[in-house]
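First comes the structure, then the notes that go with it.
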Amino acid sequence: MDMRRSGGDQFTSIDEFPWAVLIEYEKPNSQYGYHCGGSLINERYVLTAAHCVTSLSPGWKVHRVRLGEWDLSSNPDCINDEYDGGILQACNNPPIDMDIEKIIVHSGYTHARNYHHDIALIRMAENVLYSLSVLPTCLPLSNEMVNISHVDSSTYDVGWGKTDKHSTSHLVKLKVEMIVQSLQKCKPFYRRHRASLTETQMCAEGTKEKSACVGDLGGPLMRMVGDVWYQIGLDSFGPKRCGIGFPYVYTDVSKYVDWIRENVC
């Protein structure tokens, strides 16, 4: 799982961001592991990055998606709360592992340096039942949300994975605050590395005190508008080192709402 965070990580609460998904891979020698993220967008489809399902690593095959996870070390996930002077245990339903029926990759996807059109859909083999720990994200489908500017807005990236203090995947779902930057400000960073960004991409960077790197590849970048969380981006690529003052690149979900509508059936 390619998640590289730094000191700005925060643990999520047990029921926070219930649309966050883990993608499981079958590797050579019958090994399995989670190495990308995604988001549940309805009872049958997961949204993720195209490179997560086409070119993550030679010999790896997308196996299943896991929904409703919080702590990879426990099943079911439970927390203890104080209630009327006593302790009350609250538990999620066990996580759900879903087989995959079909993967749809954007026809314009190219990963060569730029990761243009880095977006894909995973159709699960059957509909999933919603619960408090399994719910879909809201997409920016309305004209108002498509046209809204997110520059300088506070957003959150979420997932399980590496931090600069932990070289292996973290067990509990994390979140980190990111600030959206303008493409005009972001492009020069990548031009130096011969990468050309387009209007279908967006950039975000951790705050100075929370020098975030990159979240679970394919996972959601979210902004609260009013009292609703919207997924405005999905994690595409960025530098491998944490805390170097470098923005990270996300696929701009608002630019693909028509493509999503056409392919979700």
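Counting only residues that are open to solvent by less than 40 Å² (accessible area, probe 1.4 Å) and either modelled with pLDDT of 95 or more or not small (G, A, S) (or both), the range 206-218 holds 5 of them.
Looking only at residues that are surrounded by 11 or more Cβ atoms within 10 Å (Cβ to Cβ) and in contact (Cβ under 8 Å) with a residue 40 or more places away in the chain in the range 186-199, which one is farthest from S149 (Cα to Cα)? So that I can check it myself, show each step before the final result.
In the first step, residues of the range 186-199 are kept if they are surrounded by 11 or more Cβ atoms within 10 Å (Cβ to Cβ); the result is 186-187, 189-191, 195-198.
Then keep just the ones that are in contact (Cβ under 8 Å) with a residue 40 or more places away in the chain; that gives 186, 189-190, 195-198.
Details: C186: 15, F189: 21, Y190: 22, A195: 24, S196: 21, L197: 18, T198: 16 Å.
Once the filter is applied, the top-ranked residue is A195.
For the range 42-141, the strands (runs of 3 or more DSSP E) that sit wholly inside it and include 1 or more residues that are exposed (fewer than 15 other Cβ atoms within 10 Å of the Cβ) and in contact (Cβ under 8 Å) with a residue 40 or more places away in the chain are 78-83, 86-91, 96-105.
The values are calculated or read from the model by the stated rules, or taken from the named source; none is laboratory data. If you're wondering where the values come from, they're calculated on a predicted model, not measured in any experiment. When we count neighbours, we look across all protein chains shown, and the Cβ atoms used for this are built from the backbone with ideal geometry, even at glycine. For accessibility, only protein heavy atoms count, side chains too; no ligands or nucleic acids. Shrake-Rupley method; radii C 1.70, N 1.55, O 1.52, S 1.80 Å.
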